[in-house]
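These notes are about the structure you will find just below.
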Amino acid sequence: MITVHAQYQSRFREITSVERESFELEQPLVVELAARLTGKYGPQMQALLMDEDGQNLNTRGTLYLNSRGERVYLEDPLQDGDTIYFMVGIAGG
Amino acid sequence: MESRLLHVNLSTGELRIEQLSHAIFERWIGGSGINNWIMWEHFLKHDVNCDPRSPDNIFVFGVGPLAGTGSGSGIKGRITFKSPCYGIFGDSAAGGKFPYMVRFAGFDHIAVTGKAPRPVYLYLCDGQAEIRDASHLWGKNTAETHAALNAELGDYPSHVHTLTISQAGENQVGIAAVVSDASRIHARGGGGCVMGSKNLKAIAVQGSGGVRVANPKGMLEWSRGFRASIDKNEAIYGFKRRGTLGAVEMYQHIGSHFWRNNQGNMFRGDEIRSDNWVKKYHKYSEVCSADCFIACDGRYKIDGTESEKAKKYVGETFRRPEYLTTGSAAGALDIRDWAEVAHWGKITNDYGIDNQDLSCSISFVMELHQHGLLSERDIAELFDRPQSLEWGNMEDIEALIEDIVFRRNLFGELFNDGPYWGALRYSQRTGRNFMKYSIYGKGGASFTEEMRPFPTWMNNMAVASRGADHLKGIGLIEKFQRRDLSKRYFGRLEAADLSTPVLKGACTAVVENQVALLNSYGVCLFHWMLDPAGYAPEEYYGRAFAEVTGIDRSPEELMRDGERICNLEKAFNSRLGLRREHDTICERWMFEPTTEGMYPGKVAADMFDTVLDEYYEWRGWDKASGLQTASRLESLGLGDVAEVLAADGALVRA
């Protein structure tokens, strides 16, 4: 069992209505965190977080980084105490 | 494909319409690609080394083939010229309604040369063009000029849409911008200065025409598909409310802001967050461009309840700040109140001046003051008055803006071409070397984001044809660490790995080619960045290009088209004497490590030369000199360009 923190920005925060929350995970994997998020927040989170066939994290206009600034993918491991930042990925403007 | 180019010679008053051949689209796609070719041909007959403020310079406006077609994406107009502030290739894009109205008025490109004997504006309406007196507009800012032209021209046969300059352009300030419909700014490179040097105050258009499309049914199908893909992309709903301000928190987490002249990379204070903007200032959104399916724009109106400082701006209304408006104000200048950030965006727009060059120039002198490098005597000499140079002090900042807009003292004169030339001139004048405090790439002002952790972006700053710039090769594969795209384009993962220089030069080149395509289609880069329909512009938007023009190319052929466009921009700069040593960046980025955010301790020097070498290799250019090679140009169908470069001694025979 590990504890990870989820930090939300932009559309993610609109859906969750919180800026940050913590999850205890049985498996230290991004895939479990993603399942917890879609289970908790429903179809809108599913549409934002996952791609159309639900097999991978959505890459279209989104960015997910761990505390070390590394993009995380569904199959990636998580460490106890990690923060995952869920963001809309844009640059410049 | 039918297309019309209007030639305007302001010295003689001659107006001439040229029907552009289908072949030009085959070679240059449209938009920026055709603009570049028009400028290239102009400088085969005029001295390319001319003073950019002289009548020999050219000012080109153009739209891409998707503009006005209902594609939902082809919204950008582009201006192209020899840059007066950097002395190299210059261009700049903006959206809004002006671009499609130019087409509805019967034109696709406008090429202005010479200099009018008195202030004039150019009026286009339903296939006709006139040069009109603008004496009554001279001295007005961009908002006043737009309003005056609307009152003068009325609403028939359509609303009036304008490109205007302000007093900054009239005063030939090198970093003066051109503003579309008083709200959308062609900021980079000094196009407003070029217009001002020609006594061209504005271009006003009205039109009731339409746009021919090669395959209307196919275009409509493409457009419907594009719309559907946007509507089901949840990320876009947040983007609509925040626009590019959505990047504020992301950059705060990463440590990618540009604080106090890039001494740091995170904002200070709790106020400047997009959530606070949405809560306090977000009044309504509007369709940002007539032909845009995303509509990320919004307006604010300050009522004075938002903050103590907002009371000063009660009643002020304008567009929501973009990220770089915020990056320059809350970052470079350390302004910590949203009302002041918004006001910064409005006044730089009304004064028609690039807020990236401007903020980097002001933050340069503020940093000198911070380090005690300016004596009272220095300050009196620079400003002709007592002047506090306090970070974040809006009153000080407004005074400094006007110094540059009106070139009213030594500071305004030295820095009218931006922070690189300003710092160099001030160093030379005082005999002290202040260049380590100037933030630039290739002589151009930085855009106000932290670059050091991102080797592809750092390389963009060095090699971009118009000087330090992210919009010529926006390195999303690297910054967003898209392993899927790295694999797709390179068959390997390193392009998405921030820790290695491998594939960063290659990534710069590939993305530059893609962005050249998007800029030539006229597609907004945010459509591409939000990726509603797949990343590859050579595939998805290439289909729209085919439906509109009838030119059906494979993705590989389109990537070569993008490469051809990039090579012409490069060739223009090579004619001006630019070589490898000009593809460089400032001392702070090169040697001073980042201290904050997710990527502390990063300096560009660790990877810079390796990335640049790989970039030249990928481009097929000569690594030692940075020059193009005859073989690569010929393989791109640019043998004629190679001949010009050879005659100028700017080509490597390999």
For the range B:3-206, share of DSSP beta bridges that run antiparallel, in % to the nearest 5: 75 percent
Whole-number D in µm² s⁻¹ for the range B:3-206, Kirkwood Cα-pair radius fed into Stokes-Einstein, 25 °C, 0.890 mPa s: 150 µm²/s
How many percent of all Cα-Cα pairs in the range B:171-295 sit more than 19 Å apart? 70 percent
With 18 Å as the limit, write out which pairs from B:K472/B:K570; A:K40/B:K279; B:K240/B:K283; B:K198/B:K570; B:K280/B:K312 have Cα-Cα distances beyond it, or answer none. A:K40/B:K279; B:K198/B:K570
What's the average, rounded to a whole number, of partner chain beta-carbon atoms within 10 Å of each residue's beta-carbon in A:83-89? 6
Which of the trypsin sites (Lys or Arg not before Pro) found in the range B:432-502 are loop residues per DSSP with 15 or fewer other Cβ atoms within 10 Å of their Cβ? B:R432, B:R492
So what are the range B:222-441's ellipsoid semi-axes, whole angstrom, largest first, if each one is the square root of 5 times an eigenvalue of the alpha-carbon gyration tensor? 35, 18, 16
Output ordering of B:239-245, B:13-19 (per-residue mean of other Cβ within 10 Å, highest first) is B:239-245, B:13-19
Based on the Kirkwood radius over alpha-carbon pairs, what value in µm²/s does the Stokes-Einstein equation return for the translational diffusion coefficient of the range B:451-647 at 25 °C and 0.890 mPa s? 142 µm²/s
Over chain A, what is the percentage of antiparallel beta bridges among all DSSP beta bridges, to the nearest 5? 75 percent
Once a ≥ b ≥ c are taken as the square roots of the eigenvalues of the Cα gyration tensor of the protein assembly as shown, is the result rounded (a/c under 1.5), prolate (a/b larger than b/c) or oblate (a/b not larger than b/c)? rounded
Tell me the Kirkwood hydrodynamic radius of the range B:294-374 in angstroms, computed as one over the mean inverse distance between distinct C-alpha pairs. 13.5 Å
Students often check this: by mean Cβ neighbours within 10 Å, which of B:33-42, B:69-78, A:15-24 ranks highest, and how do the rest follow? B:69-78, B:33-42, A:15-24
Once you have a ≥ b ≥ c as the square roots of the Cα gyration tensor eigenvalues for chain B, tell me rounded if a/c is under 1.5, and otherwise prolate or oblate according to whether a/b is larger than b/c. rounded
Just tell me how shielded B:474-485 is by partners: mean number of partner chain Cβ atoms within 10 Å of each residue's Cβ, no decimals. 4
Cβ neighbours within 10 Å from other chains - mean over B:226-239: 5
Loop-resident sites, the range B:199-299, for GluC sites (Glu not before Pro), counting at most 16 other Cβ within 10 Å (DSSP): B:E286
Using 5 Å bins from zero, what percent of all Cα-Cα pairs in chain A falls into each bin? 3, 14, 27, 29, 19, 6, 1, 0, 0
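Each value in this text was obtained by applying a stated rule to the coordinates, not by laboratory testing. In this text the structure is predicted, and so the values were computed from the model without any measurement. Backbone-built Cβ (ideal geometry, glycine too); neighbour counts: all protein chains shown.
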